[in-house]
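So the structure is just underneath, and the comments pick up after that.
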Amino acid sequence: MQATEQSGKAVYWGTGRRKSSTARVRLVPGTGKITVNKRTGEDYFQFNTTYLSVIKAPLETLGLENAYDILVKTEGGGLTGQSDAVKLGVARALCQLDPENRSPLKGEGFLTRDPRAKERKKYGLHKARKAPQFS
């Protein structure tokens, strides 16, 4: 996505996905607030410090944790998938901010999309691999 101007400030976009979760992330110069689906990040992620630290990890790697506000629109999946999707979106937005940010983020693994997804159900089985009882 492209960086855009919003009320005189540069806005950087990034999209992240994991499992069935999708997150559209905007980085706006600010004070480090996280807003997810028009709620505070702490409220949305149920005050779970693990989810919040995952989201802030790319910013902390570059030392920018209080330089940008994170605005997120996310849908699908659960909180773990959504927090990892936001992490990928933040990392991609930081690469737009400055191409020099790419190598430290890549080294930490923040730019790698987790390809794992739910395996499809096969006919004759209860789930993807669970077979009916056999005697």
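The values are calculated or read from the model by the stated rules, or taken from the named source; none is laboratory data. Just so it is clear, the structure is predicted and the values come from calculations on it, not from any experiment. As a convention, Cβ positions derive from the backbone with ideal geometry for all residues, glycine included, and neighbour counts pool all protein chains shown. What goes into the accessible areas is simple: the full protein's heavy atoms, side chains included, and nothing from ligands, DNA or RNA. Shrake-Rupley method; radii C 1.70, N 1.55, O 1.52, S 1.80 Å.
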Legend entry - Those residues of the range 103-117 which are open to solvent by 70 Å² or more (accessible area, probe 1.4 Å), modelled with pLDDT of 90 or more and in a loop (DSSP other than H, G, I, E, B), in sequence order: Thr112, Arg113, Pro115, Arg116
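To keep it simple, each residue is scored yes or no on (1) under 28 Å from Glu119 (Cα atoms); (2) among the polar types (S, T, N, Q); (3) out of contact with any Lys or Arg (no Cβ under 6 Å at 6 or more places or on another chain); (4) not in a helix (DSSP H, G or I).
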{"residue": "Asp43", "(1), (2), (3), (4)": "no, no, yes, no"}
{"residue": "Phe47", "(1), (2), (3), (4)": "no, no, yes, yes"}
{"residue": "Asp84", "(1), (2), (3), (4)": "yes, no, no, no"}
{"residue": "Gly89", "(1), (2), (3), (4)": "yes, no, yes, no"}
{"residue": "Gln96", "(1), (2), (3), (4)": "no, yes, yes, no"}
{"residue": "Asn101", "(1), (2), (3), (4)": "no, yes, yes, no"}
Legend entry - Residue selected from the range 60-81 under the condition among the small types (Gly, Ala, Ser) and farther than 20 Å from Gln46 by Cα, by the criterion surrounded by the most Cβ atoms within 10 Å (Cβ to Cβ): Ala67
Inset, instruction - Look at Lys121 and say whether it is open to solvent by 30 Å² or more (accessible area, probe 1.4 Å), free of Cβ contacts under 8 Å to residues at least 40 places away in the same chain, farther than 15 Å from Lys33 by Cα and among the basic types (Lys, Arg). - result: yes
Inset, instruction - Sort through Asn48, Asn37, Asn66 and tell me the only one that's of a type in the set (S, T, N, Q) and on the phi > 0 side of the Ramachandran plot. - result: Asn37
Inset, instruction - Could you tell me whether any residue of the range 38-52 is touching a residue at least 40 places away in the same chain (Cβ under 8 Å), more than 16 Å from Tyr12 (Cβ to Cβ) and in contact with a Ser or Thr (Cβ under 7 Å, 6 or more places away or on another chain)? - result: no
Legend entry - Counted residues, the range 24-37 - those being open to solvent by 40 Å² or more (accessible area, probe 1.4 Å), over 15 Å from the mean Cα position of the chain (by Cα) and in contact (Cβ under 8 Å) with a residue 40 or more places away in the chain: 1
